[in-house]
Amino acid sequence: MDRDTLGTLLVLSSAAAFGTLGVLGEVAFREGLSVPSALALRFAVGTAVVWTALLVARARPGAGTSPPTFTLSPRETAVALALGAVGYAGVSYGFFVGVERMSAGLAAVILYTYPLFVVALASVFLDEQVGVRTVAAAGLSLAGVVLISWTGAAAFDPVGAAATLGAAGLYAAYIVVSRATLETTDERVLTAYVAPAAAASLAVVAVATDAVTVPTTAVGWGAVVALGVVATAFAVFAFFAGLTRVGAGRAGVLSTAEPTVAVALGAVFLSEPVTPAMLLGGVLVVGGVVLVQTTAE
C-alpha cells in the first residue's frame, strides 16, 4: 500500500473512531454513569493506553522514525496540563451534556462547527486572513445547524445545543492555544499530558457535584474501555500517523467523515431519527467545513 493511500485510510479510521464518542457516551449514560464520571474513566483508560504505546514506540522505534521525547519544558508542561484540565475536559463535558440531552448525531454535527471558531480565533490572535470563501463557509455551516435544529425539534434541546456550541468554541480555543504555544510538541506526547490532566479535572468535578458513579455491568465497562481505547487513544494516534502522510489540509477534509459516522451510528444502534432535512443540514455543515479546510491549504 502506498504512503498516500495508507495516510488516507488512517485519517478516515481516526474520524470513524472519534465518531463513536456520542454513541458510546449515550450507552454509558444508559448504564447509569454520570457525565463527569464517564469522562474521567474515559481519560484514565486513554492515559494508560497512550503511555503504553509511547513506551513501546520509544523502546522499538519504527524504521525511519525517531522515538518520542517524553520530557517537556516547565512552560510546555504547564500549558499542556492546563489544556487538559480546562480545555479538553471542558470540551468533552460540553459535548457529553449535548449527547445526554439530545441525540448523539445532532450533538456531533453541532460540535463539528469548531473549525469555523478556529478560523475566527486565528484571525484575531494569530493574524490569519479571513477571505470571502471563509465567510461563505461560515454561512453554510450555520445554515446547516439552524436547519438541523428546526427539523429535528423532537431531538433538539436548547441547553444541550448551547453546551455543544460552547464545547465547539472551547475546542477551537484549545487548537489555537496549542498552535501558538506548543507548535513543535509531538501531538502524541501532548495527549499523554492532556489526558491525565483531563481525567483528574473531571474526577474533581464528579466528586464536587456528588456525581461519582462506576460501571456495574459488562456493557457499562465495555463502553468506558471503548471510549478510552477507540475514541481517545486510537483516534489520536491514527490521525497523527495519517497527518504525517497526507498533510494538514487533506487530513482536515478527510476528518469531515466524523459527523457522518456519528449520525449513522446513532441511527443504527440507538434508533435516533434521521430525516432528509436533517441530512441536508449535515451536508451544509460538512460542506462549510470542507470549504474552510481547502481555503486554508
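For a quick check of your reading of the model, give me the residue pairs whose first member lies in region 69-81 and is part of a loop (DSSP other than H, G, I, E, B) and open to solvent by less than 90 Å² (accessible area, probe 1.4 Å), whose second is among the hydroxyl-bearing types (Ser, Thr, Tyr) and at pLDDT 90 or above, with beta-carbon atoms closer than 9 Å and at least 6 apart or on different chains. Cβ pairs passing all conditions: LEU72/TYR193.
Picking from residues in region 1-42 that are within 16 Å of the chain's Cα centre (by Cα) and not in a helix (DSSP H, G or I), the one that is modelled with the highest pLDDT is THR20. The lone criterion from (1) at pLDDT 85 or above; (2) open to solvent by 60 Å² or more (accessible area, probe 1.4 Å) left unmet by ALA231 is number (2).
Of all the residues that make up region 178-187, how many are in contact with a Pro (Cβ under 7 Å, 6 or more places away or on another chain) and crowded, with 19+ Cβ neighbours inside 10 Å? Working first, answer last.
Step one: of region 178-187, the residues in contact with a Pro (Cβ under 7 Å, 6 or more places away or on another chain) are 186.
Retained after the next criterion (residues that are crowded, with 19+ Cβ neighbours inside 10 Å): none.
Qualifying residue count, region 178-187: 0.
The residue pairs whose first member lies in region 263-289 and is farther than 17 Å from ALA16 by Cα, whose second member is buried (at least 23 other Cβ atoms within 10 Å of the Cβ) and β-branched (Val, Ile, Thr), and whose beta carbons are closer than 6 Å, counting only pairs six or more residues apart or on different chains, are MET278/ILE148; GLY281/ILE148; VAL285/VAL109.
Quick check on region 45-57. Is at least one of its residues touching a Pro at 6+ places or on another chain (Cβ under 8 Å), modelled with pLDDT under 90 and among the small types (Gly, Ala, Ser)? Yes.
Applying the condition of being surrounded by fewer than 16 Cβ atoms within 10 Å (Cβ to Cβ) and polar (S, T, N, Q) to region 193-219 and asking which residue is nearest to LEU81 (Cα to Cα) yields THR209.
Quick one: is THR184 under 30 Å from THR5 (Cβ atoms) and in a loop (DSSP other than H, G, I, E, B)? Judged against the criteria, THR184 is a match.
Considering region 201-213, and only residues there that are aliphatic (A, V, I, L, M) and touching a helix residue (DSSP H, G or I) at 6+ places or on another chain (Cβ under 7 Å), the residue that is farthest from VAL56 (Cα to Cα) turns out to be ALA211.
Inside region 1-39, residues that are surrounded by 24 or more Cβ atoms within 10 Å (Cβ to Cβ) and on the phi > 0 side of the Ramachandran plot make up a count of 0. Summed over region 187-229, the residues that are closer than 30 Å to LEU243 by Cβ and of a type in the set (S, T, N, Q) give a count of 2. Selection within region 176-189: residues that are of a type in the set (Val, Ile, Thr) and over 13 Å from VAL86 (Cα atoms). The member of this set that is modelled with the highest pLDDT is VAL189.
Among the residues making up region 104-127, those that are outside any helix (DSSP H, G or I) and open to solvent by 10 Å² or more (accessible area, probe 1.4 Å) are LEU126, ASP127. Exactly one residue among LEU190, LEU243, LEU170 is assigned to a helix (DSSP H, G or I), open to solvent by 50 Å² or more (accessible area, probe 1.4 Å) and aliphatic (A, V, I, L, M), and that residue is LEU170. Restricting attention to region 82-103, the residues that are open to solvent by less than 40 Å² (accessible area, probe 1.4 Å), more than 14 Å from ALA167 (Cβ to Cβ) and out of contact with any Pro (no Cβ under 9 Å at 6 or more places or on another chain) total 2.
The values are calculated or read from the model by the stated rules, or taken from the named source; none is laboratory data. This structure is a prediction, so every number in the text was calculated from the model and none was measured. Note that each Cβ is placed from the backbone with ideal geometry, even for glycine, and that neighbours are counted across all protein chains shown. With ligands, DNA and RNA removed, areas are computed over all heavy atoms of the protein, side chains included. Shrake-Rupley method; radii C 1.70, N 1.55, O 1.52, S 1.80 Å.
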